[in-house]
1. Show me 79-86, 112-119 ranked by packing, highest mean number of other Cβ atoms within 10 Å first.
2. Would you work out which of Val29, Ala143, Leu105 lies farthest towards the positive end of the dipole of the chain? Charges go on Cβ: Lys and Arg +1, Asp and Glu -1.
3. Mind checking Rg over Rh on segment 66-124, alpha carbons, Kirkwood formula for Rh?
4. Only Cα pairs under 8 Å and at least 6 apart count here; give the relative contact order of the chain as a rounded whole percent.
5. Pop out the ³J(HN,Hα) list for segment 201-217 in order, Karplus 6.51 cos²θ - 1.76 cosθ + 1.60 with θ = phi - 60°, rounded to Hz; leave Gly and Pro as x.
6. To the nearest 500 deg cm²/dmol, what mean residue ellipticity at 222 nm is calculated for the chain from DSSP H runs of n ≥ 4 alone, each contributing -39,500 (n - 2.57), summed and divided by the residues?
7. In whole Å, how far is the Cα centre of segment 157-214 from that of segment 90-118?
8. Would you mind working out the magnitude of the charge dipole of the chain relative to its Cα centre, with +1 at each Lys and Arg C-beta and -1 at each Asp and Glu C-beta, to the nearest 20 Debye?
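No lab work stands behind these numbers, since they all come straight from the coordinates. Everything numeric here is computed off the predicted structure, so don't read it as measured data. Counting neighbours? That spans all protein chains shown, and the Cβs are built from the backbone with ideal geometry, glycine included.
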Amino acid sequence: MLTLRQVQAGYGHSQVLFDISLTIAPGEVVTLLGRNGMGKTTTVRAVMGQLPLRGGDISFAGQSLGGLSPDRIARLGLGLVPEGRQVFPTLTVWENLVATASNRLAAAAPWTLARIYALFPRLEERAGQRAGTLSGGEQQMLAIGRALMTNPKLLILDEATEGLAPLIRDEIWRCVATVKAAGQSILLIDKNMAALKMLADRHYIVEKGRVVWRGDTADLTAADQMVHRYLGL
């Protein structure tokens, strides 16, 4: 579904990504792991067209994303929950959910308001409340719900539980598991290794803009020294 081949990207005179390669198959949950500043979010920005490529190629569902604008890429079926949530603070919860909602790819069982409210009951309770007044955890639920309402082929979660209270983190992971069970392809960036090992099929670790390790969950569980070296865990 998503393929990165030797992707290079950066900011100004600084190169951040050096020949990043990874793949995500339909229905697969894949993680991108690494310490802060190693290139995870830069990789996401390159995928979403927010950062021009300096080399390599990114393709999605067989189509090259090179040179496409972020809105064109989103319409192809990529849904992003960005780091820091970035909901529309002056719009209500309901307005956030319907503002970009679509089923342009004709999903057989599309995400609707009713499904989002069933996934996140708190959002239905606060449907008329301005998003900027929600708690951090509620805003994260809203950001996930808003992305799902676009009915993406691939959902990208960048730091899905960063800064959230433990109970809220558990609720987010429960909902991500529900989304996975529905067959959703997901790219996950987070630091909660226990949750990621339970949810993900495969993992990539990046260090200074390079993929330094890849493998499945069994491989990751067995590689304690490698995990400590690159993730500091």
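1. Highest mean packing first, the order is 79-86, 112-119.
2. Positive-most Cα among the choices belongs to Leu105.
3. A ratio of 0.99.
4. Averaging sequence separation for qualifying contacts and normalising by length gives 28 percent for the chain.
5. Listing the rounded values in order: 8, 9, 9, 10, 10, 10, 9, 6, x, 10, 6, 10, 7, 8, x, 8, 5 Hz.
6. Computed ellipticity for the chain at 222 nm equals -9500 deg cm²/dmol.
7. Distance between centres, Cα-based: 22 Å.
8. With only Lys, Arg, Asp and Glu charged at Cβ, the dipole is about 320 debye.
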